[in-house]
């Protein structure tokens with residue numbers, strides 16, 4: 001028979017994976033909640049302290065990736081630090097106002113326009129916007145992989 005606390009933890013961990021790509025769902029924090037909740041339910045016995053810390057660190061890394069990747073990818077594409085900062089702030093604001101699809105379009109368009117204004121060079125603007133778009137998609141993939149690793153690590157550490 002499956003332990004109710006274990007089933008709830010795995011459910012939260014799966015929700016964490018889904019939340020990595022669905023907007024407004026804090027995927028990594030659901031993963032942390034599942035792991036810590038199970039740890040609490042076992043009287044702080046499982047997973048071990050080392051495993052618990054490792055799983056939390058991986059989940060926090062997934063959270064950081066979400067907010068840093070798109071801005072840093074703009075920088076990697078040649079955008080200035082100013083444009084990179086504006087893209088980061090705009091990405092967070094647009095996510096809450098428009099949702100994920102329009103956030104991607106909005107941030108990429110913003111990076112393109114700001115870099116075009118800065119250099120008066122379409123190709124540089126396109127390059128920065130392309131890197132930004134790839135970074136946004138890449139961060140989603142990284143989040144899914146990291147939250148999946150939390151699920152896998154959890155199951156292996158308590159099995």
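Structure summary
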item	result
Qualifying residue in the range 43-51 (condition: part of a helix (DSSP H, G or I), under 16 Å from the mean Cα position of the chain (by Cα), more than 26 Å from residue 111 (Cβ to Cβ) and touching a residue at least 12 places away in the same chain (Cβ under 8 Å))	no
Every residue from the range 89-114 that is in a helix (DSSP H, G or I) and surrounded by fewer than 18 Cβ atoms within 10 Å (Cβ to Cβ)	89, 92, 93, 96, 97, 98, 100, 101, 102, 105, 109, 113
Selection count, the range 98-109, where residues are modelled with pLDDT of 85 or more and more than 16 Å from residue 139 (Cα to Cα)	3
Residue ID - farthest from residue 78 (Cα to Cα), chosen from residues in the range 128-152 that are surrounded by 18 or more Cβ atoms within 10 Å (Cβ to Cβ) and more than 18 Å from the chain's Cα centre (by Cα)	129
Counted residues, the range 117-133 - those being part of a helix (DSSP H, G or I) and farther than 14 Å from residue 87 by Cα	8
Some residue of the range 67-85 being surrounded by fewer than 18 Cβ atoms within 10 Å (Cβ to Cβ), closer than 22 Å to residue 36 by Cβ and either at pLDDT below 90 or within 18 Å of the chain's Cα centre (by Cα) (or both)	yes
Top-ranked residue in the range 10-25 [being surrounded by 13 or more Cβ atoms within 10 Å (Cβ to Cβ) and without any contact (Cβ under 8 Å) to a residue 24 or more places away in the chain; ranked as nearest to residue 157 (Cα to Cα)]	15
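The values are calculated or read from the model by the stated rules, or taken from the named source; none is laboratory data. Quick caveat: nothing in here was measured; it's all calculated off a predicted structure. A quick note on method: Cβ atoms are made from the backbone with ideal geometry, for glycine too, and the neighbour counts reach across all protein chains shown.
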